[in-house]
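Below is one structure, written out as structure tokens; comments come after it.
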Amino acid sequence: MTTHNLKIFSLLLMIYFISLSNLNANSYSKTKKILLKKVYFDNQFTFYCGNPYEIKQIKGKQRTVIIEDKKYYSPKNSSFFNFFANSNNERSKVVEWEHVVPIQVLAQNLPCWKDGGRKACNKDNTFRAMESDMYNLVPAIGEINNDRSNYKFGDKLPKKQQYGKCEFEVDSKNKIAYPKKEIRGDIARIYFYMSNKYNFKISKQEKIMFEKWNQEDPISQWEKTKIKRIEEFISFDSEI
């Protein structure tokens with residue numbers, strides 16, 4: 001085993017403990033609340049754009065919204081005429097929890113998914129574990145989450161124009177998303193972890209790209225902190 005592959009393997013061992021518990025039936029809604037309040041509470045920045053966000057009470061409901069600042073992000077669909085015509089504009093203000101490895105990629109071989117997609121899989125324990133895996137979920141601006149859809153990632157560096165100064169680009173024609181270099185290692189390690197845990201195959205081309213990303217963008221202190229918090233919470237939760 002090469003030194004590079006050994007590093008990846010060591011990381012997988014470190015985060016393997018995440019799979020020891022099913023987080024009390026793997027509630028997706030519960031998982032999002034835990035991530036927001038117990039994991040990301042002191043690191044409130046969106047994954048792709050780095051836009052700060054906050055939790056606010058709006059019309060009696062608690063919502064997670066971005067702090068609007070054009071130095072981080074500008075909505076793609078922000079014109080006055082598109083405001084009412086495009087419901088995606090409203091999603092440019094809120095933070096959603098994005099599956100880095102799309103749920104469709106994870107669940108495509110499950111019998112329930114073949115029978116009717118997400119709706120048919122709601123009571124499937126394997127699907128619920130996939131859907132609520134905390135390591136695969138990151139805070140993202142709703143518009144970015146929507147536009148990225150279930151597209152694969154590409155190696156080209158993104159242009160800063162589609163979403164203002166946010167370094168993220170979506171090629172909807174070819175179904176490819178291009179993230180900034182500072183988070184590419186995070187993405188690679190999430191893909192390797194999810195592939196190992198849920199036994200889905202990464203293509204040879206993607207594997208080469210992810211190995212390169214893992215090397216170019218080593219694990220950060222925040223990544224280590226996030227993993228530790230998730231492990232600690234799940235260990236505590238499994239003892240209840």
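The values are calculated or read from the model by the stated rules, or taken from the named source; none is laboratory data. Note that the coordinates shown come from a computational prediction; the quantities given were computed from them, not determined experimentally. Please note: Cβ atoms are built from the backbone with ideal geometry, for glycine as well, and neighbour counts cover all protein chains shown. With ligands, DNA and RNA removed, areas are computed over all heavy atoms of the protein, side chains included. Shrake-Rupley method; radii C 1.70, N 1.55, O 1.52, S 1.80 Å.
General observations
- Whole-number Å³ per residue for the convex hull built on Cα positions in the stretch 146-240: 135 Å³
- When Rg and the Kirkwood Rh are both derived from Cα coordinates, the Rg/Rh ratio for the stretch 29-239 amounts to 0.95.
- When you count the other C-beta atoms within 10 angstrom of each residue and take the mean per peptide, 31-40, 211-220 line up highest first as 31-40, 211-220.
- Residues whose amide H falls under 5 Å from that of E98, counting only those 5 or more places apart or on a different chain, are V138, A140, with hydrogens built in the peptide plane.
- Estimated FRET transfer efficiency when R0 is 22 angstrom, pair I55-S27 (beta carbons, to 0.05): 0.65
- Distance-filtered residues of the stretch 30-50 - backbone nitrogen under 18 Å, label point 7 angstrom along K165 Cα→Cβ: 45-50
- Potential lengthening between V94 and N174 on full extension [0.36 nm per residue; Cα-Cα distance subtracted]: 26.1 nm
- Cα-centred dipole magnitude for the stretch 29-239, charges only on beta-carbon of K, R (+1) and D, E (-1), debye, nearest 20: 380 debye
- Within the accessible area of the stretch 29-239, the carbon and sulfur atoms contribute 48%, probe 1.4 Å, all protein chains present.
- Annotation: amide H-H contacts under 5 Å for D217 (H modelled 1.01 Å from N, sequence separation of 5 or more, or interchain): G185.
- Ordering 135-141, 58-64, 47-53 by mean Cβ neighbour count within 10 Å, with the highest value first, yields 135-141, 47-53, 58-64.
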